[in-house]
């Protein structure tokens, strides 16, 4: 994960959810990196340690990402509409 210091933001058990979270954080200019057991990426596993996908963000963006995560988990994420 380069020379940057990274910190775990959360873990999820669904690759689609992880990708959606990454896209939302990328839109806020918060880089995201995934870490998953290699077998979890090859064999479809939906529970347990092999299914865990850890989302990491740079330490300096952790507070901003945590605030977003709290809103996401409480269904309070707002979507800006382009007119």
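Overview of results
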{"item": "Tally of residues being assigned to a loop (DSSP other than H, G, I, E, B) and either buried (at least 16 other Cβ atoms within 10 Å of the Cβ) or within 8 Å of the chain's Cα centre (by Cα) (or both) across segment 14-31", "result": "2"}
{"item": "Residue list for segment 6-33, filter: modelled with pLDDT under 90 and farther than 23 Å from residue 76 by Cβ", "result": "15"}
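The values are calculated or read from the model by the stated rules, or taken from the named source; none is laboratory data. Bear in mind that the values here come from a model prediction, so they are computed numbers and not experimental data. Virtual Cβ from ideal backbone geometry, glycine too; neighbours counted across all protein chains shown.
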